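Derivation of every value follows stated rules applied to the coordinates shown; laboratory data play no part. If you're wondering where the values come from, they're calculated on a predicted model, not measured in any experiment. Cβ coordinates were reconstructed from backbone atoms using ideal geometry, including for glycine residues, and neighbour counts include every protein chain displayed.
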Amino acid sequence: MGDQEDLNQIMGLGTRHQLVIAHDNPYVDLALDGVAPSLLQAPGWRDWGIEFFSLSKGWCLGGLRLGFAVGAAPLIAALRQTKAVIDFNQSLALQQGGIMALQEFAHWPGQLRPIFRERRDRVVRLLSNRGWTIASPDMAMYLWMPLPAAAKARGWSDEQTAAELLRRSGVALTPGSGFGASGRDWLRMALVRPVDELELAAQRLMDALDE
Amino acid sequence: MPTSKRLNALGSGVFARSDAAKQAYRENASQQAGPALIDLSIVTPPARATAFRQGSSPSIELSLIGVGSGLELMSTPTEKFNYWLALRKAQPIFRLPFWITETRPCISILVIRRTQEGFTWRVLLFSSFLSPRNTTGGQTCNAFEPRSGIC
């Protein structure tokens with residue numbers, strides 16, 4: 001996700017070299033600490049920038065496939081032209097529901113932030129207390145977990161570790177390598193259950209690693 | 001159901017293998033009464049778990065929010081499209097969509113309910129508008145793609 005200064009520099013490169021900068025920002029509503037970075041804060045976006053937003057994350061509407069883009073007028077026109085020939089867009093009623101949500105309930109995602117914040121803090125604390133140190137993310141609903149020492153000692157990859165943890169504890173994590181080379185040796189935990197269930201999962205994970 | 005090579009190749013096959021391992025765990029756990037799967041590899045907002053745990057009936061949820069109705073035409077000629085407007089204390093919240101195809105009746109209703117953690121979203125599919133029971137038993141909107149052919 002980076003920070004605002006990174007985006008400013010990237011947008012500056014785009015402006016200088018006349019390159020389109022497209023920024024996917026689905027978690028903009030889920031800044032757990034501080035303010036979410038946005039391309040729309042970066043000078044030059046009105047000429048060469050476009051940013052994509054989703055109602056799947058901050059609005060809990062994952063199944064409805066709703067999103068929108070804000071950007072330079074020619075880019076929006078091009079996007080509209082492209083989508084006109086590759087799909088029929090989402091149903092009009094769902095779009096209208098999304099518009100109504102954004103217009104009249106803009107505060108709504110704010111209710112999710114303390115929930116995710118508490119989940120993040122309690123799980124990170126529990127795992128850290130038992131020896132698995134994990135950086136606390138300032139955005140979104142995921143913990144990115146480096147391979148634990150017990151897994152490294154056994155020579156397990158992230159995929160092997162996820163499989164072993166699933167078999168031993170019944171807790172499913174996502175192997176980071178599925179997202180590409182940069183995810184290798186990482187696991188991802190989605191904080192999508194109530195906090196007591198997440199803590200139970202964390203305890204089961206640590207018990208499994210201690211076996 | 002067989003999946004295509006292309007689908008299996010997503011995430012270099014990591015996600016497909018992970019899904020297979022989860023399914024195997026579920027089956028094994030149910031047979032041997034092992035601890036239930038806690039799936040933290042998915043991307044689901046917090047309201048979904050609440051919806052499953054509560055398991056409340058559609059009729060209760062519908063009565064909580066009330067409904068209004070509207071009519072709108074879509075460009076697709078084989079569909080007659082309507083939407084309902086969700087009302088809560090006479091204030092519109094979201095429009096509740098349903099659609100009826102000419103070839104196979106299918107009505108989808110998006111149900112909204114307040115919970116302690118926010119709103120619960122569910123999409124219920126009915127085989128006909130007069131059907132007393134929804135055909136799928138009720139699913140959260142994140143569990144499938146709308147209009148994916150479930151009906």
> What ³J(HN,Hα) values, in whole Hz, does the Karplus curve 6.51 cos²θ - 1.76 cosθ + 1.60 give for the stretch A:203-209 when θ = phi - 60°, with x put for Gly and Pro?
Replying inline: 5, 5, 4, 5, 4, 5, 5
>> Let me confirm one metric for peptide A:12-24, namely the mean number of other chain beta-carbon atoms within 10 Å of its residues' beta-carbons.
In response: 0
> Taking amide hydrogens as modeled 1.01 Å from N in the peptide plane, which residues meet the under 5 Å criterion relative to residue A:20, leaving out close sequence neighbours?
Replying inline: none
>> Taking beta carbons within 10 Å but only from partner chains, what does the mean come to for residues A:136-142?
In response: 1
> Which order, highest average first, do B:17-27, A:163-173 follow once you tally other Cβ atoms within 10 Å for each residue and take the mean per peptide?
Replying inline: A:163-173, B:17-27
> Which whole number gives the average count of other chain Cβ atoms within 10 Å of the Cβ atoms across peptide A:151-159?
Replying inline: 1
>> Tell me the relative contact order for chain A as a rounded percent, counting alpha carbon contacts under 8 Å between residues six or more apart.
In response: 16 percent
> Just A:37, A:109, A:194 to compare: in a GNM of chain A, with alpha carbon springs under 10 Å, which one fluctuates most?
Replying inline: A:194
>> Could you identify which residue out of A:149, A:84, A:73 has the top mean-square fluctuation in a GNM of chain A using Cα springs shorter than 10 Å?
In response: A:84
> Rounded, prolate or oblate: which one fits the stretch A:4-106, using the alpha carbon gyration tensor with axes a ≥ b ≥ c (rounded when a/c is under 1.5, else prolate when a/b beats b/c, else oblate)?
Replying inline: oblate
>> For Cα pairs less than 8 Å apart in space and 6+ apart in sequence, what is the mean separation divided by the residue count of the stretch A:4-106, i.e. the relative contact order in percent?
In response: 23 percent
